[in-house]
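Worksheet: the structure to be examined is printed underneath.
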Amino acid sequence: MEFTISQIAAILRGEIEGNGQEKVKSIGKIEDAQRGSVTFLSNPKYENYIYSTQASAVIVHRDFVATKPVQATLIRVADPYTSFTRLLEEYDKITSYIKVGVEEPSYIAVGTAVGQNVYRGAFSYIGANTTLGNNVKVYPHAYIGDNVAIGDNCIIYSGVKIYANTVMGQNCILHSGVVIGSDGFGFAPQADGTYKKIPQLGNVILGDHVEIGANTVVDCATMGSTKIDSGVKLDNLIQIAHNVQIGSNTVIASQTGISGSTKVGKNCVIAGQVGLVGHIEIGDRVTLAAKTGLAKSVKKEGAVKFGYPAMDHKDYLKCHAVFRNLPELRDRLNELEKKY
Amino acid sequence: MEFTISQIAAILRGEIEGNGQEKVKSIGKIEDAQRGSVTFLSNPKYENYIYSTQASAVIVHRDFVATKPVQATLIRVADPYTSFTRLLEEYDKITSYIKVGVEEPSYIAVGTAVGQNVYRGAFSYIGANTTLGNNVKVYPHAYIGDNVAIGDNCIIYSGVKIYANTVMGQNCILHSGVVIGSDGFGFAPQADGTYKKIPQLGNVILGDHVEIGANTVVDCATMGSTKIDSGVKLDNLIQIAHNVQIGSNTVIASQTGISGSTKVGKNCVIAGQVGLVGHIEIGDRVTLAAKTGLAKSVKKEGAVKFGYPAMDHKDYLKCHAVFRNLPELRDRLNELEKKY
Amino acid sequence: MEFTISQIAAILRGEIEGNGQEKVKSIGKIEDAQRGSVTFLSNPKYENYIYSTQASAVIVHRDFVATKPVQATLIRVADPYTSFTRLLEEYDKITSYIKVGVEEPSYIAVGTAVGQNVYRGAFSYIGANTTLGNNVKVYPHAYIGDNVAIGDNCIIYSGVKIYANTVMGQNCILHSGVVIGSDGFGFAPQADGTYKKIPQLGNVILGDHVEIGANTVVDCATMGSTKIDSGVKLDNLIQIAHNVQIGSNTVIASQTGISGSTKVGKNCVIAGQVGLVGHIEIGDRVTLAAKTGLAKSVKKEGAVKFGYPAMDHKDYLKCHAVFRNLPELRDRLNELEKKY
């Protein structure tokens, strides 16, 4: 896709200084943008780059005054960062609207209701009694089981696996390798040391605007539903066990695991490689630092926890500061004992 | 699928109190069951819910005496929990027997032996010289390489990838995204700083009744076999490296990793996010707490380990109790030094 | 595939002692090799196994002197370990060259350039404007998006997902479930508590001889490129976030996560379950022990770090040695205070 710099300036309502007819086809950072790309200058500490950048066009502040010669064409706007973000969104919108229609071979069971402007990639599979909303994109090798409901504008990337009975709101994005609705890890120990599988008959319910990163797994509930509320963002390789509930607008970083039946509040921030034991409750706006292990409920809104077993963040740092000097502490104790 | 309450009562040999002709089509927990579902009351502390539940039917103890009016139809049995579990299993059996036959397009190489009552979903792939037992279910997008043997009643969910030469017993369940037999991580360092790949020519052998959670990986052996014995249950996103051996009926929770050539005993319980170094040995009935890092063998049967580097569970907790008070400990030491 | 022992001896330029006409079809370790397989004896501490092994042939040192009767045919060579490794490579080369040609149905968009001797498995998907080099193998259910470039001799195993605009060098191996180029985890917090997606418009660039383990994820850059340099080896279930850069010949073990924009040097060794925060820099030849959590840059070449927050490896071990005795330390302090 190619645009002239004039076309971009028109979208951003900016003023051109230089050659508006040059074509750009990519977007880059000022420090490594190449010829044929557009970039921006917002933070003054990057100003030096504008004199050496290979970019064809740079979005700058209306009042920017160059102190050396600039090769690139300038697009002058009121707020370069906002304009640039706007450009990213426009670019993304255009490229993502390319996929529409059906590639063959694809599989769609009888009794399936498909909305308008849907993309179904080659080798995609859609089960019986499933409904897809308008503008849904189902990439190649995506599997959508029976009795699944998917709202408008959802993007299901290649290789996503959605088990039967899943319910998904609107505007969700599921990245490659995501598994939704696999069996919870439930087994009843038997007298002879073996384990008997407890059937996992529940489902998963996702709200609106949920985004789930590559290879993350959300197990179905034993009974009832595992629930991921609207606005939740999950990074890659996360484990969400059966019957977990996650409140709206909570974000969770990569490789974190939440054990069965635990409830996480709204607007929480959970860092990477965190582990939460099962059957606990986390309040709203709670923060858990990276690699924290949480074995007890944290109901206090806004709490910040760290370490394993988890402590208040500040307390943990104080303890760790002493930990780093433990050999010295021990030596001083030895010394005191000798002196006595 | 719909049943009348009378039909359910007949399966459970229970007595009906109320409208046996009402139809139910789902199963739920008493606190959130909806009209059209059946639930149960076993634990007396949940009794209050029976007076407000929306469920159409509740399985209760033969001698249950209501203290307020109950809307739901009752099914009286000797042991409500056991009856309910029985119902879950029946339901699961019925729903899981739906998938039989072949959906097209699917791929099956020449020289493949397929048993009776097999399901091969659309876009499933079965390689050369592979055998599938009776009642095996191969969901869409499952890949089964060459020279693989899969026993009776195994369920291979959508998107499972099984490399060549894998051997799998009976009644195994592999969830979406599971990878069996990928190359072990073996590289020989060269003088120039590069690494040369060591060919990974072994395979993976799974026993009977092995269940493996979504996106878990089991690497093939360098030579010989990586072995997962009968009755082992692996949760999601677990890493099993090359030449690992796991004894029968051991259960491992999500996101744990076991490094190359380590042997784990029978009936062990390994919690989530645990890491085991390579080339060590774990005895039978050993328990490893969540996030434990194990760098040495634990041969003692029944040992319980925690922390990293791992210690006896009780010892670790005692040390951590002091860790939580380290700043105070340091202050007291400072005080003593001053006094001296 | 079957070879006579004479054929193997000819490849290794070894001398036969015994029946050269016996056929072998597999390769094994001396302690558990079966009839019909070839093994080797290099380390003298394994000598006892040569008198009991079931293997049909054993590769031994030219000067090996048996002290008891040996059933197996011997192949005498100058360096048994090197000869055996050579055999593994030959075996691997032969078996891996089997896959060539196209299995149907497969999907290939218009405008795609495919080299010589390519394998495209059934249900593989290749997008528009994509190029595949010579000898590339694309296994079933692999997805290669639009505008992707894949160099000669790459192996893309079943179920790998490669997003649009990825660039890959020569001789790379991607194992099942690998995801390359999924969106980075970038969201801008809004005043109402929701998050707005930041479009992820960059790509991923892999060098030559990169190997990536099963279910590992490499996110695309927000802008620019996430870069994995030549010779890097990634194990299974690893997370590489947006805009990360990894220097050549660095090896990373399973379940490690590297956060956004972090730069890792050349020839580093990062163990399993390690976590690196975003926007830091790691020098060349740095080692990070298992489960380390790194929150600050480590620019010193050759540094070895351990623990969380990470410390110098030796210092951490010293501190942990005192940690293990903290209850005793506390008791001694109590005692001193009483005495005073």
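Some points to look at:
- Springs between Cα atoms under 10 Å define the GNM used for chain B, and in it the highest mean-square fluctuation of B:193, B:213, B:14 occurs at B:193.
- Residue among B:150, B:77, B:165 farthest towards the positive dipole end of the range B:66-208, charges placed on Cβ: B:77
- Other-chain or far-sequence residues with amide H under 5 Å of residue C:210's (modelled H): C:172, C:173, C:231
- Shape of chain A, Cα gyration tensor, a/c cut at 1.5: oblate
- GNM on chain B, alpha-carbon springs under 10 angstrom: the most fluctuating residue among B:44, B:189, B:105 is B:44.
- Residue-averaged [θ]222 nm for chain A, counting only DSSP H segments that reach four residues, each worth -39500 (n - 2.57): -4500 deg cm²/dmol
- Only lysine pairs 8 or more places apart or on separate chains count here, and in the range C:241-340 those with Cα atoms under 29 Å apart total 29.
- What the Cβ-Cβ distance of residue C:337 and residue B:301 gives, at R0 = 51 Å and to the nearest 0.05, is a FRET efficiency of 0.75.
- What the phi angles of the range A:162-170 give under the Karplus curve with 6.51, -1.76 and 1.60, with θ = phi - 60°, is a coupling list of 10, 5, 4, 6, 5, 10, 10, x, 9 Hz, glycine and proline written as x.
- Beta bridges by DSSP in the range C:3-96, antiparallel share as percent, to the nearest 5: 35
- Axial C-alpha extent at least 18 Å, average Kyte-Doolittle at least -0.5 - helices from chain B (DSSP): none
- Gyration tensor (alpha-carbon) shape descriptor, the range C:3-96, a/c threshold 1.5: rounded
- Tensor-based shape of the protein assembly as shown (alpha-carbon gyration tensor, a/c under 1.5 rounded, otherwise prolate or oblate): rounded
- Candidates B:18, B:272, B:184: whichever shows maximal mean-square fluctuation once chain B is modelled as a Gaussian network with Cα springs under 10 Å: B:18
- Potential extension, residue B:78-residue B:10 segment - 0.36 nm per residue separation minus Cα distance: 23.1 nm
- Take the Cα radius of gyration of the range A:48-196 and divide it by 2.2 N^0.38 Å, N being the number of residues; the result is 1.62.
- Across the range B:3-96, Cα pairs under 8 Å and at least six residues apart give a relative contact order of 27 percent.
- Spatially, the range C:115-185 and the range C:1-39 are offset by 36 Å when compared through their Cα centroids.
- Residue-by-residue Karplus 3J(HN,Hα) for the range B:34-47, coefficients 6.51, -1.76, 1.60, Hz, glycine and proline x: 9, 3, x, 10, 10, 9, 8, 10, 10, 6, x, 6, 9, 4
- The 3J(HN,Hα) values that the Karplus relation (6.51, -1.76, 1.60; θ = phi - 60°) gives for the range B:287-294 are, in residue order, 10, 10, 6, 4, 6, 5, x, 10 Hz. Gly and Pro appear as x.
Just so you know, all these numbers are worked out from the coordinates, no wet-lab data involved. Just so it is clear, the structure is predicted and the values come from calculations on it, not from any experiment. Cβ atoms come from the backbone with ideal geometry, glycine included; neighbour counts cover every protein chain shown.
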